[in-house]
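Written out below as structure tokens is the structure these notes cover.
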Amino acid sequence: MSTSSSHPHADPGANPSARRLPVPEGTIPVGVALLIAGVATYAFFVVGKSAVGGDEEFEPIVSLWFATFALAPGFFLPLEQELGRALAHRRALGQGTAPVVQKVVRLAFILVAVIVIAILAASPLIASSYFGGDWIMVVALVSTFVAYAPAHLARGVCSGSGRFRDYAIIMGSDGVVRIVLCILLALVGIQAAGAYGMAVAVSPLFAVAYVWRRGALRTDPGPPAEWSEVTPNLGWLLLGSVFAASLLNAGPITASLLAADNERAFVTQFSYGVLLARVPLFLFQAVQAALLPGLSRLAAQGQLSEFRSGLKRLLMVVVAVGVIGTAGAFVLGPWAIEVVYDANLSGRTLAVLALGSACYMMALAFAQAVIALKGHALVALGWGIGVVTFIVVTWLSSDELFRRIELGLLASSFAALCSFAVALRSRLASGATPDHQSVMEAITDMPFET
């Protein structure tokens, strides 16, 4: 998510208004939006499964879901981040922002065209191997990817302009619109998976249209923007974001690709387990939002020792949330997943998934610290190591489909965590120091979408 929009060189301690605007102001609406989106996600899976007739029939929608949130945040989140950062910088200088938005829109158009062409070129393989021959779902995948481009750009404009209420509307209403459309389709009696796939595709556009109509996306003329203004770290951010989002969604995607025809229902149930294991990530985002203003002020004021102490507290909370989440998944997970999704997964499976999620959460916290110390390339490398580890472990660890994926998710997150720990130690030893801008880039580097 992207919540950055502050004066990149301002000292909040010297200006009382900077303590309120814009970062602390944005934490409450964005946190509420995340909660709404998360609840809507779990509701969509419950209602959607019932509407289409069961786990096996729901599997193409599950496959679409995880492919969408591997692609869209992976490619568009860095554009959102850099757009928000560049707009905030121009606002601090009192310059108009329209030229920056025009540059990023052009970049987004090129990126969308490249990825859509790649999907279309591989569409026969995607349809047969991933969607079980359902071409409508391929159309839905392309449509969803295209639809999330304006959504992320709109979020970047809102965050960079300090319009956090509109930012929260875009983030939270996506899930709300999706579940409303799902309920309407179910009430009408539609069972075709493709219809629900298209509901996923169009859901982000409603909020974009709404905030545009109310003027939240307006920009002012200003001096011409150079590419260097919007792409200083875009390459590394893009590479790291694609790897991180792919790793986060790798389990269900790999299960869909490797499962036999008689295992489709189990793929859906496994995906429920992955969603349940992500509950600690929601808690992590809440903790992150609570600590955001303090870390940002410390970085802006150059108080490195206090910044380190704040980071250590954050990591301690992450460890606690991870331990509680893993234990809870083992003890209560089978009961919870049966009550919510009428699915049957063992406590061991859910515990391994939760432990992998906890390692991912810890890796994400370390990665954000490395970005705060301006180690963007090291973060891209670390997530790349995680992806390679997932492929190798999933390939070699076991002959049992879900066991090998569980182990791959756990090993890959742990490998990324170790890589970021080494990178963080190296950056601190080199004397690298955070500033307000780098901390904001780190905090907003969250490849987790709902």
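Taking the options G84, G133, name whichever one is surrounded by fewer than 20 Cβ atoms within 10 Å (Cβ to Cβ), modelled with pLDDT under 90 and not acidic (D, E).
Values: G84 fails: surrounded by fewer than 20 Cβ atoms within 10 Å (Cβ to Cβ).
Testing whether each residue is surrounded by fewer than 20 Cβ atoms within 10 Å (Cβ to Cβ), modelled with pLDDT under 90 and not acidic (D, E) leaves just G133.
Does the range 217-227 hold any residues that are of a type outside the set (V, I, T) and either surrounded by 15 or more Cβ atoms within 10 Å (Cβ to Cβ) or touching a strand residue (DSSP E or B) at 6+ places or on another chain (Cβ under 8 Å) (or both), and which are they? Walk me through how you get there before you give the answer.
Our first condition is that a residue be of a type outside the set (V, I, T); within the range 217-227, this holds for 217-218, 220-227.
Residues satisfying the conditions are L217, G222, A225.
Do we have I61 as assigned by TED's automatic domain parsing to the domain that holds F145 and either crowded, with 23+ Cβ neighbours inside 10 Å or touching a strand residue (DSSP E or B) at 6+ places or on another chain (Cβ under 8 Å) (or both) here? Let's see the steps before the verdict.
Working: assigned by TED's automatic domain parsing to the domain that holds F145: yes; either crowded, with 23+ Cβ neighbours inside 10 Å or touching a strand residue (DSSP E or B) at 6+ places or on another chain (Cβ under 8 Å) (or both): yes.
Spelling it out, I61 is indeed assigned by TED's automatic domain parsing to the domain that holds F145 and either crowded, with 23+ Cβ neighbours inside 10 Å or touching a strand residue (DSSP E or B) at 6+ places or on another chain (Cβ under 8 Å) (or both).
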inquiry  = Here are the criteria: (1) farther than 20 Å from M362 by Cβ; (2) in contact (Cβ under 8 Å) with a residue 24 or more places away in the chain; (3) not aromatic (F, W, Y). Tell me which single one G375 does not satisfy.
reply    = (1)
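Quick test for you: out of I183, I126, I190, pick the one residue that is over 14 Å from P60 (Cα atoms), assigned by TED's automatic domain parsing to the domain that holds L111 and outside any loop (DSSP other than H, G, I, E, B).
On the way: I126 fails: over 14 Å from P60 (Cα atoms); I190 fails: outside any loop (DSSP other than H, G, I, E, B).
On inspection, the qualifying residue turns out to be I183.
Considering only residues of the range 390-401 that are out of contact with any Leu (no Cβ under 9 Å at 6 or more places or on another chain) and either in a helix (DSSP H, G or I) or polar (S, T, N, Q) (or both), which is nearest to N233 (Cα to Cα)? Working first, answer last.
Let us first name the residues in the range 390-401 that are out of contact with any Leu (no Cβ under 9 Å at 6 or more places or on another chain), namely 391-392, 395-396, 399-400.
With the extra rule that they be either in a helix (DSSP H, G or I) or polar (S, T, N, Q) (or both), the set shrinks to 391-392, 395-396.
On the way: I391: 27, V392: 29, W395: 33, L396: 35 Å.
That would be I391.
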Pick from the range 137-161, criterion more than 21 Å from the chain's Cα centre (by Cα) and surrounded by 17 or more Cβ atoms within 10 Å (Cβ to Cβ), ranking: modelled with the lowest pLDDT = S161
task = Please state which one of V339, V388, V392 is modelled with pLDDT of 95 or more, over 23 Å from the mean Cα position of the chain (by Cα) and either surrounded by fewer than 17 Cβ atoms within 10 Å (Cβ to Cβ) or closer than 22 Å to F66 by Cβ (or both).
result = V392
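Under the condition of being among the β-branched types (V, I, T) and touching a residue at least 60 places away in the same chain (Cβ under 8 Å), which residue from the range 192-240 is nearest to G162 (Cα to Cα)?
So in the range 192-240, the residues among the β-branched types (V, I, T) come out as 200, 202, 208, 211, 219, 230-231.
Of the ones still in play, those that are also touching a residue at least 60 places away in the same chain (Cβ under 8 Å) are 200, 219, 230-231.
Values: V200: 28, T219: 12, V230: 18, T231: 21 Å.
It comes out as T219.
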request  = Filter the range 259-307 down to residues that are under 24 Å from L373 (Cα atoms), of a type in the set (A, V, I, L, M, F, W, C), within 21 Å of the chain's Cα centre (by Cα) and at pLDDT 65 or above, then give me how many there are.
outcome  = 2
message = Take the conditions more than 21 Å from R404 (Cα to Cα), among the β-branched types (V, I, T), in a helix (DSSP H, G or I) and in contact with a Gly (Cβ under 7 Å, 6 or more places away or on another chain) and apply them to V379. Does it pass?
response = yes
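Of the residues that make up the range 334-348, is at least one part of a helix (DSSP H, G or I), within 18 Å of F284 (Cα to Cα) and not hydroxyl-bearing (S, T, Y)?
no
Kindly indicate the residue of the range 206-216 that is among the aliphatic types (A, V, I, L, M) and in a helix (DSSP H, G or I) and also surrounded by the most Cβ atoms within 10 Å (Cβ to Cβ) among those meeting that condition.
Taking the range 206-216 first, the residues among the aliphatic types (A, V, I, L, M) are 207-209, 211, 216.
When the remaining residues are screened for being in a helix (DSSP H, G or I), the result is 207-209, 211.
Working: A207: 22, V208: 24, A209: 12, V211: 21.
Among those residues, the one meeting the criterion is V208.
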message = Are there helices (runs of 4 or more DSSP H) fully within the range 217-281 with at least 2 residues that are within 30 Å of I324 (Cα to Cα)? List them.
response = 234-248, 250-258, 264-277
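So which residues in the range 402-435 are of a type in the set (D, E, K, R) and assigned to a helix (DSSP H, G or I)? Before the answer, list the steps.
Start the filter on the range 402-435 by keeping residues that are of a type in the set (D, E, K, R), which leaves 403-404, 406, 425, 427, 435.
Answer for the range 402-435, where residues must be of a type in the set (D, E, K, R) and assigned to a helix (DSSP H, G or I): R403, R404, E406, R425, R427.
The values are calculated or read from the model by the stated rules, or taken from the named source; none is laboratory data. Here the structure is a predicted model, which is why all the values come from computation and not from measurement. Don't worry about glycine lacking a Cβ; one is built from the backbone with ideal geometry, like all the others, and counts go over all protein chains shown.
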